[in-house]
1. I need the full set of residues from segment 31-58 which are assigned to a loop (DSSP other than H, G, I, E, B) and either more than 21 Å from T17 (Cα to Cα) or hydroxyl-bearing (S, T, Y) (or both), in order please.
2. Can you report the number of residues in segment 1-24 which are open to solvent by 70 Å² or more (accessible area, probe 1.4 Å), closer than 20 Å to K43 by Cα and either more than 26 Å from the chain's Cα centre (by Cα) or among the polar types (S, T, N, Q) (or both)?
Amino acid sequence: MKAICLGIATFYATVLTSIALYRISPFHPLGHYPGPLLARLTKLWHVSKIWGGKQHLYLRSLHDKYGDIVRIGE
């Protein structure tokens, strides 16, 4: 039983790591667009930033920092 759990955990860790590496790599189709690093990994990052209802202010600050085009989610 212990070996099965270890195998499943290793599988999912490998899958999640490979997805994360692909999303931050230059090989991703959106790789050349600027934006926060964590926003390249998951949309949950964006949700956590706009939870208080100030999405427009947060997006404005991202555009001020990164320019006209900003990558804010996968």
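1. We begin by selecting, within segment 31-58, every residue assigned to a loop (DSSP other than H, G, I, E, B); these are 31-36, 42-43, 51-54.
Answer for segment 31-58, where residues must be assigned to a loop (DSSP other than H, G, I, E, B) and either more than 21 Å from T17 (Cα to Cα) or hydroxyl-bearing (S, T, Y) (or both): Y33, P34, T42, W51, G52, G53, K54.
2. So the count comes out to 1.
The values are calculated or read from the model by the stated rules, or taken from the named source; none is laboratory data. No experiment lies behind these values; they were computed from the predicted model shown. To get the accessible areas, we keep the full protein, side chains included, count just its heavy atoms, and leave off ligands, DNA and RNA. Shrake-Rupley method; radii C 1.70, N 1.55, O 1.52, S 1.80 Å.
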